[in-house]
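*Asks:* The following block contains the structure, expressed as structure tokens.
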Amino acid sequence: MPMTRTLIFNKLARLGSLMAPCCVAIALLCGVASCDKDHVGPLYTPGSEPEGSCGFASTVLNVEVSAEDEGIITIPIYRNGTAMMQQKVQFQYDTTATGSVADSLWCDTDPNGVFTLATKNVIFAPKALSANVMLSFSDLSKVRPGSKYIMRLKLVGQENSLQKQQITITVKRKLTFEKFADCTYKDDCIFEHAYDCELFKATDSEVYRVMKPYTEGLAAEEYTAAGLSMNPPDYMEFMVEENDRITFDPFYTGMMVPVPGGKTCGAYCYYPGEYKWGKDFSDYNKDCKRLSDKVFQIYAVYCLPDFQYGFLDQGAFKITITIKD
């Protein structure tokens, strides 16, 4: 018998008492932040906010750069209004070591001089509902393959807006991927079963991508039918480092979490040591590793980055990628 919407809500509740303390916290946060369709498209319908309000399409963005980008990264912002408008943007760079459990140390400039904010003031043309913020990178050779560079942008003066006035951007060098193997993907938090996927590997580094890891499972386990799935990701990426240690950047799962008011928010997975909004899960870092030539194991903390809140704040959950014979 197919799962009903009620049964899926109960499943989410069992995973982390979602519908109790989480909903109380989110109910308070929903008074100051939009949480519907947080990962795609404009944040609001024109007219839903006062003239001059604007925001990013998401609070999290992963970007790959190559020579084809000609040193420019483009991030759109959306606004309510039709008159000509100027918006000031603030840039900050994270100088904290990757994987550190310490709070991020943000600087107003990139100490290495690679990334800079090219448009400190964004101008909306008359009747335009969007405009672009431009980040520039001076030398592609300084963007090392396998490394990541974290920065954030803030829309000055939009602190009281219901829109997403801040975005965290992770930049990496674009790599070339080829199919490596067929595999199964099992997310112990979201799925009861493992699902078949394709595993791709970068041609010149130990970077892997599981292709469409949530598409089949979200449909098979009735999240999609219950309205608890939206735009599953094309892939999730992880890196195998020294001593078979595995790390990964935050990634969207496609699962939508119900919150008060009949809305849903997209659930993201964070590397345990880089999650800083609740309990300290960094002890799970050591369990993120390649177990054998055919088995990769990671642990992820599931959260709603818009609210800086871990909706399953009781622990990290295992994800297993197994290469098929």
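Conditions tested, residue by residue: (1) touching a residue at least 60 places away in the same chain (Cβ under 8 Å); (2) within 20 Å of Ser53 (Cα to Cα).
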| residue | (1), (2) |
| --- | --- |
| Thr109 | no, no |
| Val122 | no, yes |
| Lys142 | no, no |
| Pro145 | yes, no |
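*Asks:* In addition: Here are some conditions: (1) part of a loop (DSSP other than H, G, I, E, B); (2) over 18 Å from the mean Cα position of the chain (by Cα). Gln87 meets all but one. Which one does it not meet?
*Replies:* (1)
*Asks:* Of the residues in the stretch 113-123, how many are open to solvent by 40 Å² or more (accessible area, probe 1.4 Å), in a strand (DSSP E or B) and of a type in the set (A, V, I, L, M)?
*Replies:* 1
*Asks:* Taking the stretch 237-255 as the region of interest, how many residues are in a loop (DSSP other than H, G, I, E, B), open to solvent by 10 Å² or more (accessible area, probe 1.4 Å) and not charged (D, E, K, R)?
*Replies:* Residues flagged as in a loop (DSSP other than H, G, I, E, B), open to solvent by 10 Å² or more (accessible area, probe 1.4 Å) and not charged (D, E, K, R) within the stretch 237-255 amount to 1.
*Asks:* Shifting gears a bit: Can you find even one residue in the stretch 270-278 that is modelled with pLDDT under 95, open to solvent by less than 10 Å² (accessible area, probe 1.4 Å), out of contact with any Cys (no Cβ under 6 Å at 6 or more places or on another chain) and farther than 22 Å from Ser147 by Cβ?
*Replies:* So far as the stretch 270-278 goes, no, none of its residues is modelled with pLDDT under 95, open to solvent by less than 10 Å² (accessible area, probe 1.4 Å), out of contact with any Cys (no Cβ under 6 Å at 6 or more places or on another chain) and farther than 22 Å from Ser147 by Cβ.
*Asks:* Another question, if that's okay. Quick one: would you say Leu28 is within 23 Å of the chain's Cα centre (by Cα), farther than 26 Å from Glu274 by Cα, aliphatic (A, V, I, L, M) and at pLDDT below 85?
*Replies:* No: the conditions fail for Leu28.
*Asks:* Considering the stretch 57-77 alone, what residues qualify as being open to solvent by less than 50 Å² (accessible area, probe 1.4 Å) and modelled with pLDDT of 90 or more?
*Replies:* Result: Val63, Val65, Ser66, Gly71, Ile73, Ile75, Pro76, Ile77.
*Asks:* Going by the structure shown, is Gly266 at pLDDT 80 or above, under 17 Å from the mean Cα position of the chain (by Cα) and on the phi > 0 side of the Ramachandran plot?
*Replies:* Spelling it out, it is not the case that Gly266 is at pLDDT 80 or above, under 17 Å from the mean Cα position of the chain (by Cα) and on the phi > 0 side of the Ramachandran plot.
*Asks:* Test each condition in (1) under 24 Å from Thr247 (Cα atoms); (2) out of contact with any helix residue (DSSP H, G or I) (no Cβ under 6 Å at 6 or more places or on another chain); (3) among the hydrophobic types (A, V, I, L, M, F, W, C) for Val114 and report the one that comes out false.
*Replies:* Of (1) under 24 Å from Thr247 (Cα atoms); (2) out of contact with any helix residue (DSSP H, G or I) (no Cβ under 6 Å at 6 or more places or on another chain); (3) among the hydrophobic types (A, V, I, L, M, F, W, C), only one is false for Val114: (2).
The values are calculated or read from the model by the stated rules, or taken from the named source; none is laboratory data. It should be emphasised that the depicted structure is a prediction, and the values quoted were computed from it without experimental measurement. So basically every Cβ, Gly included, is an ideal-geometry build from the backbone, and we count neighbours across all protein chains shown. The protein model used for the area step is the full one, side chains on, heavy atoms only, and it has no ligands, DNA or RNA in it. Shrake-Rupley method; radii C 1.70, N 1.55, O 1.52, S 1.80 Å.
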